[in-house]
Amino acid sequence: MSTISAVAAHDDHHGPEKGLLRWVKTTNHKDIGTLYLWFAFSMLLLGGAFAMGIRAELLHPGLQLMEPQFFNQLTTMHGLIMVFGAIMPAFVGLANWLIPMMIGAPDMALPRLNNWSFWILPFAGAILLSTFFMEGGAPAFGWTFYAPLSTSFAPDSTDFFIFAIHLLGFSSIMGAINIIATVLNMRAPEMRLMDMPLFVWTWLVTAFLLIGAMPVLAGAVTMMLTDRNFGTAFFDATGGGDPVLFQHIFWFFGHPEVYIMILPAFGVISHILPTFARKPLFGYSSMVYATASIAFLSYIVWAHHMFLTGMPVAAELYFMYATMLIAVPTGVKVFNWVATIWKGSMTFETPMLWALSFVMLFTIGGFSGLMLGIVPADIQYHDTYFVVAHFHYVLVTGALWGIIAAVFYWLPKWTGRMYNETLGKVHFWWAVISVNVVFFPQHFLGLAGMPRRIPDYSLQFADFNYISSIGAFAFGLSFVLFTYIVVDCIRNGKPADSRPWYSAKGLEWTLSSPAPYHSFNTPPSRADILAESQHS
Amino acid sequence: MSNQNYYIPHGTYWPIIGSIGISTMFVGFANLIHDVSWGAPVMGLGLTILVFMLFGWLGTVVNESISGIYNKQVDRTFRWGMSWFIFSEVMFFAAFFGALFYARILSVPWLDGAGNNMFTPELWEGFKATWPLVNTPGAIGQSGTAFSTGFELVNPWGLPAINTALLLSSGVTITYAHHALRKDHRNALIAWMIATIVLGVLFLGFQITEYGHAYHEGLKLTSGIYGSTFYLLTGFHGFHVTVGAIMLTVILYRIQKGHFNSENHFAFEGVAWYWHFVDVVWLGLFVFVYWL
């Protein structure tokens with residue numbers, strides 16, 4: 001362990017600057033975290049609005065509201081905005097706010113780079129959204145942008161989409177480098193790796209996944225760019241290439257990507273459950289090893305997304321068995337969460353409600369993932385609404401649930417105020433019921449054979465689609481209440497204690513609420529770190 | 001515990017300038033490839049802003065570094081940052097090497113009916129899988145581009161072998177430069193740095209010459225999958241050598257200015273790591289693109 005202190009004491013102990021330019025110039029991890037979170041939230045509302053359009057079209061069979069081409073643009077942009085605009089930036093925002101406080105650091109390791117990581121996003125988002133207004137419309141090939149749909153048969157705006165992806169990739173890679181440098185180099189000198197809270201651990205692993213996966217995506221879109229404009233033949237069989245190659249490269253990025261979106265949520269849940277069950281986290285070290293195992297496995301299972309695109313049988317078998325293996329570390333996690341709350345003195349404040357429902361609903365998504373990972377079964381399920389139901393259970397009731405749980409859990413620390421607990425509970429029950437009304441029937445639709453990414457469907461699918469759409473409108477509306485709760489908390493909330501949750505552990509709770517502008521000017525002592533650690 | 005402080009900068013405009021620059025550049029480039037008249041100047045403007053930002057931002061960092069406000073911990077941050085940045089670059093090249101291996105081992109033989117793909121021989125009558133793939137299965141691509149057929153292969157034991165020797169030697173000379181720096185042998189340091197840069201520039205010159213030969217003998221970006229992998233792999237590598245050579249030149253300038261001493265010279269080491277990375281990528285290219 002280094003003897004050099006992480007003290008950040010500045011000669012100039014100033015707070016935030018005045019005026020709007022503060023947000024442009026800021027190098028402060030809390031300011032940047034706030035920017036990330038608000039950006040992600042506005043993208044969530046936008047992507048949600050696209051989803052409302054999709055479900056409105058699917059309310060009844062037959063074409064109702066829009067041209068099929070526009071419907072495809074909506075599904076594509078819904079996916080891209082939610083993945084790259086909402087979920088990923090929201091987790092980076094949480095990382096910015098929380099990691100320095102959790103490891104006893106003054107700030108992130110590379111504060112200027114941190115600012116750039118954020119400030120690329122609005123530009124990339126603007127380029128991506130501008131494609132809606134171009135001739136030929138926005139990309140309409142689905143968020144997975146398979147060749148040749150995205151190369152030979154795509155609108156001109158696709159090249160703008162490609163550069164937007166490049167920019168988003170820069171942002172993610174710089175953010176990930178910063179998080180790794182922060183965790184490895186900015187920890188309080190007395191904090192060992194196995195003292196770190198799980199949110200920090202899961203983010204460290206996630207950052208590694210980002211640096212490994214995002215450059216591969218950059219390579220994929222670069223090949224698309226040259227195939228489209230400069231006559232290369234990567235994805236074109238007439239030139240000796242192969243469209244399936246695109247899928248391999250895409251999913252080599254895409255599978256780690258789904259863990260990028262869920263691992264930090266695992267971390268969040270591992271903080272909330274012990275607090276409200278008033279018990280230490282069960283199996284801290286096995287949680288760490290499970291996280292690392294999931295990350296490793298995520299790199300060697302990508303082709304389970306491609307069982308129907310043509311692969312040697314030996315490869316299908318390998319990818320099936322490797323995929324099944326992921327159930328082991330994930331099972332360890334779910335087991336540990338259940339063991340954590342087992343015989344705990346539980347109370348059901350809003351963050352706990354979100355965390356508990358995460359464990360149940362994410363597990364449903366995990367199990368449907370196992371079903372999809374079985375080659376012979378996947379031949380039936382592939383490209384049906386069953387897949388849509390599966391990944392919305394892991395991404396909405398998994399990743400997004402983790403983010404919302406984190407917002408309620410740490411909002412008192414961020415704002416110094418408590419949210420309205422009654423409204424929080426109302427919102428939770430509203431959201432958790434409606435989200436299941438949206439997505440549970442989609443399992444049945446998929447098993448009955450309804451394909452995904454279509455604006456129209458056969459009559460026998462009408463009832464479940466109707467139910468799903470009604471649920472979607474209700475779920476969408478719940479975010480109006482969510483917005484109100486957050487704004488109301490910021491403006492009118494009752495002052496919060498520095499440790500608003502009795503028995504919450506973690507160094508962030510040793511700071512005042514709201515947390516001071518510079519987190520730790522003197523690193524916490526070994527005794528403080530041990531007192532706040534998640535060890536049992 | 002010592003009382004050294006971790007330097008946290010306040011308020012900076014460089015990132016937002018960088019964002020404006022890089023987005024302007026990409027928007028200009030996207031318009032340029034769609035033959036919009038203002039595409040090229042806008043792209044140039046964006047690039048200018050980006051270069052201005054790099055000078056300004058890195059200049060600020062250099063000034064902070066020589067004024068001595070960075071401690072050992074900041075130095076370690078830079079080391080972690082540079083290492084993981086290079087790892088991200090490795091993964092970028094991995095995507096293109098992956099495409100190369102996939103084409104060579106799997107998809108090109110499949111087009112000739114290997115692996116029980118019983119329909120492909122019917123689709124591409126008379127197609128023979130070879131590597132390098134000189135004759136593509138179809139003359140016209142799906143995008144309507146004609147794939148040129150028939151080209152002369154680049155002889156690996158001509159210019160590519162010379163280039164391998166040049167780049168490997170430059171890896172040795174930069175190591176000598178580092179040893180000289182650690183012993184404060186200033187003149188030797190400058191000499192080895194100049195040698196490294198000269199070797200890098202020679203490499204680039206030969207690479208451009210070789211591109212000229214290859215192009216005249218029919219190997220183009222539009223020559224199908226061989227041309228695609230050949231030019232994108234060597235092209236991105238050449239771009240990285242160019243960036244590396246520019247960085248080496250900046251480091252040489254900073255050596256002249258006396259910015260480094262035997263203890264404190266992370267910038268030198270970071271560039272040296274980058275140079276070695278470029279070197280290793282070239283070895284992969286020489287073996288799998290030119291030779292085997």
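The values are calculated or read from the model by the stated rules, or taken from the named source; none is laboratory data. Given the structure is predicted, the values throughout are model-derived calculations rather than measurements. With ideal geometry, Cβ positions are generated from the backbone for all residues, glycine too; neighbour counts draw on all protein chains shown.
When you scan the range B:33-55, how many residues do you find that are within 10 Å of chain A (Cβ to nearest Cβ) and assigned to a helix (DSSP H, G or I)?
2
Quick one: which residue in A:D463, A:D456 is surrounded by fewer than 21 Cβ atoms within 10 Å (Cβ to Cβ), acidic (D, E) and assigned to a helix (DSSP H, G or I)? Walk me through it before giving the result.
Values: A:D456 fails: assigned to a helix (DSSP H, G or I).
From the options A:D463, A:D456, the qualifying one is A:D463.
What's the number of the condition A:E57 fails, among (1) surrounded by 20 or more Cβ atoms within 10 Å (Cβ to Cβ); (2) modelled with pLDDT under 95; (3) of a type in the set (D, E)?
With respect to (1) surrounded by 20 or more Cβ atoms within 10 Å (Cβ to Cβ); (2) modelled with pLDDT under 95; (3) of a type in the set (D, E), A:E57 is out only on (2).
Could we say that A:D195 is in contact with a His (Cβ under 9 Å, 6 or more places away or on another chain) and under 24 Å from A:P215 (Cα atoms) here?
On the way: in contact with a His (Cβ under 9 Å, 6 or more places away or on another chain): yes; under 24 Å from A:P215 (Cα atoms): no.
So A:D195 fails the test.
Pairs under 7 Å by beta carbon, first residue farther than 18 Å from A:L167 by Cα in the range B:29-41, partner at pLDDT below 95 and hydroxyl-bearing (S, T, Y), six or more apart or different chains?
Final answer for the pair search is none.
Could you please find all residues in the range A:156-214 being over 30 Å from A:D528 (Cβ atoms) and among the hydroxyl-bearing types (S, T, Y)? First the steps, then the outcome.
Going through the range A:156-214, the residues over 30 Å from A:D528 (Cβ atoms) turn out to be A:156-174, A:209-214.
Answer for the range A:156-214, where residues must be over 30 Å from A:D528 (Cβ atoms) and among the hydroxyl-bearing types (S, T, Y): A:S157, A:T158, A:S171, A:S172.
Among the residues of the range B:244-256, is there at least one that is buried (at least 17 other Cβ atoms within 10 Å of the Cβ), among the aromatic types (F, W, Y) and either at pLDDT 95 or above or touching a Leu at 6+ places or on another chain (Cβ under 8 Å) (or both)?
No, every residue in the range B:244-256 fails to be buried (at least 17 other Cβ atoms within 10 Å of the Cβ), among the aromatic types (F, W, Y) and either at pLDDT 95 or above or touching a Leu at 6+ places or on another chain (Cβ under 8 Å) (or both).
So, B:W110, is that one free of Cβ contacts under 8 Å to residues at least 24 places away in the same chain, crowded, with 18+ Cβ neighbours inside 10 Å, over 22 Å from A:T222 (Cβ atoms) and aromatic (F, W, Y) or not? Talk me through it step by step, then tell me what you get.
On the way: free of Cβ contacts under 8 Å to residues at least 24 places away in the same chain: yes; crowded, with 18+ Cβ neighbours inside 10 Å: yes; over 22 Å from A:T222 (Cβ atoms): yes; aromatic (F, W, Y): yes.
Judged against the criteria, B:W110 is a match.
State whether one or more residues within the range A:154-175 are out of contact with any Gly (no Cβ under 7 Å at 6 or more places or on another chain) and at pLDDT below 95. First the steps, then the outcome.
Within the range A:154-175, the first condition is being out of contact with any Gly (no Cβ under 7 Å at 6 or more places or on another chain), and the residues that meet it are A:154, A:158-175.
Then keep just the ones that are at pLDDT below 95; that gives A:154.
Yes, the conditions are met somewhere in the range A:154-175.
(1) at pLDDT below 95; (2) out of contact with any Gly (no Cβ under 8 Å at 6 or more places or on another chain): which one isn't true of A:P523, the others all being true?
Unmet for A:P523, out of (1) at pLDDT below 95; (2) out of contact with any Gly (no Cβ under 8 Å at 6 or more places or on another chain): (2).
Tell me which residues, restricted to the range A:307-340, are assigned to a loop (DSSP other than H, G, I, E, B) and of a type outside the set (A, V, I, L, M, F, W, C). Even if it seems obvious, please write down each step before you answer.
Here is the first cut: in the range A:307-340, the ones assigned to a loop (DSSP other than H, G, I, E, B) are A:307-312.
If the condition is that a residue be assigned to a loop (DSSP other than H, G, I, E, B) and of a type outside the set (A, V, I, L, M, F, W, C), then A:T309, A:G310, A:P312 are the ones that fit.
Can you name the residue in the range A:187-208 that is within 29 Å of A:A164 (Cβ to Cβ) and within 11 Å of chain B (Cβ to nearest Cβ) and is also farthest from the chain's Cα centre (by Cα) among such residues?
A:F208
Among the residues of the range B:191-233 satisfying the criterion of being aliphatic (A, V, I, L, M) and in a loop (DSSP other than H, G, I, E, B), which is surrounded by the most Cβ atoms within 10 Å (Cβ to Cβ)?
Looking only at the range B:191-233, we keep the residues that are aliphatic (A, V, I, L, M), and these are B:191, B:193-195, B:197-199, B:201-202, B:204, B:208, B:214, B:219, B:221, B:225, B:232-233.
Of the ones still in play, those that are also in a loop (DSSP other than H, G, I, E, B) are B:219, B:221.
Numbers: B:L219: 23, B:L221: 19.
The extreme case among them is B:L219.
Check A:A237 against each of (1) hydrophobic (A, V, I, L, M, F, W, C); (2) buried (at least 23 other Cβ atoms within 10 Å of the Cβ); (3) in contact (Cβ under 8 Å) with a residue 12 or more places away in the chain; (4) within 14 Å of chain B (Cβ to nearest Cβ) and name the one condition it does not meet.
(3)
Can you name the residue in the range A:513-536 that is in a loop (DSSP other than H, G, I, E, B) and free of Cβ contacts under 8 Å to residues at least 40 places away in the same chain and is also surrounded by the most Cβ atoms within 10 Å (Cβ to Cβ) among such residues?
So in the range A:513-536, the residues in a loop (DSSP other than H, G, I, E, B) come out as A:513-525, A:532-536.
Right, trim to free of Cβ contacts under 8 Å to residues at least 40 places away in the same chain and you get A:516, A:532.
Numbers: A:P516: 14, A:E532: 20.
Restricting to residues being in a loop (DSSP other than H, G, I, E, B) and free of Cβ contacts under 8 Å to residues at least 40 places away in the same chain, the top hit is A:E532.
Looking at (1) charged (D, E, K, R); (2) surrounded by 18 or more Cβ atoms within 10 Å (Cβ to Cβ); (3) not in a helix (DSSP H, G or I), which is the one condition that is false for A:K343?
(2)
Could you list, in sequence order, the residues of the range B:155-181 that are modelled with pLDDT under 95 and either farther than 30 Å from B:F230 by Cα or of a type in the set (F, W, Y) (or both)?
Correct list: B:W157 only.
So that you can scan it fast, the table gives a plain yes or no per residue for (1) in a loop (DSSP other than H, G, I, E, B); (2) more than 7 Å from chain B (Cβ to nearest Cβ); (3) among the hydrophobic types (A, V, I, L, M, F, W, C); (4) in contact (Cβ under 8 Å) with a residue 60 or more places away in the chain:
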site	(1), (2), (3), (4)
A:G136	yes, yes, no, no
A:F145	yes, yes, yes, yes
A:T151	yes, no, no, yes
A:D159	no, no, no, yes
A:I165	no, yes, yes, yes
A:I173	no, no, yes, no
A:A176	no, yes, yes, no
A:I211	no, no, yes, no
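Test B:M91 against the criterion of being in contact (Cβ under 8 Å) with a residue 12 or more places away in the chain and part of a helix (DSSP H, G or I), and give yes or no.
Details: in contact (Cβ under 8 Å) with a residue 12 or more places away in the chain: no; part of a helix (DSSP H, G or I): yes.
No, not satisfied.
Take the residues in the range B:67-91 that are closer than 25 Å to A:V216 by Cα and of a type in the set (S, T, Y); name whichever of them is farthest from the other protein chains (Cβ to nearest Cβ). Can you show your working first?
Residues of the range B:67-91 that are closer than 25 Å to A:V216 by Cα, as a first pass: B:77-91.
This time we only want the ones that are of a type in the set (S, T, Y), so: B:77, B:83, B:88.
Numbers: B:T77: 4, B:S83: 9, B:S88: 5 Å.
Per the criteria, the residue is B:S83.
Quick check, is A:P256 within 14 Å of another protein chain (Cβ to nearest Cβ), over 20 Å from A:F362 (Cα atoms) and in contact with a helix residue (DSSP H, G or I) (Cβ under 8 Å, 6 or more places away or on another chain)? Give the steps one after another, and end with the answer.
Details: within 14 Å of another protein chain (Cβ to nearest Cβ): yes; over 20 Å from A:F362 (Cα atoms): no; in contact with a helix residue (DSSP H, G or I) (Cβ under 8 Å, 6 or more places away or on another chain): yes.
Against the criterion (within 14 Å of another protein chain (Cβ to nearest Cβ), over 20 Å from A:F362 (Cα atoms) and in contact with a helix residue (DSSP H, G or I) (Cβ under 8 Å, 6 or more places away or on another chain)), A:P256 does not qualify.
Could you say whether any residue in the range A:301-308 is without any contact (Cβ under 8 Å) to a residue 60 or more places away in the chain and within 20 Å of A:M102 (Cβ to Cβ)?
No, because not a single residue in the range A:301-308 is without any contact (Cβ under 8 Å) to a residue 60 or more places away in the chain and within 20 Å of A:M102 (Cβ to Cβ).
Counting residues that are at pLDDT 95 or above and buried (at least 24 other Cβ atoms within 10 Å of the Cβ), which helices (runs of 4 or more DSSP H) fully inside the range A:347-450 reach at least 1? Explain how you work it out, then say what you get.
Details: elements: A:350-373, A:375-381, A:385-394, A:401-415, A:421-447.
Those helices (runs of 4 or more DSSP H) span A:350-373, A:385-394, A:401-415, A:421-447.
Quick one: would you say A:A207 is under 24 Å from A:S157 (Cβ atoms) and crowded, with 24+ Cβ neighbours inside 10 Å? Working first, answer last.
On the way: under 24 Å from A:S157 (Cβ atoms): no; crowded, with 24+ Cβ neighbours inside 10 Å: yes.
No, not satisfied.
Determine whether B:A30 is surrounded by fewer than 20 Cβ atoms within 10 Å (Cβ to Cβ) and part of a helix (DSSP H, G or I).
Working: surrounded by fewer than 20 Cβ atoms within 10 Å (Cβ to Cβ): no; part of a helix (DSSP H, G or I): yes.
Answer is no for this residue.
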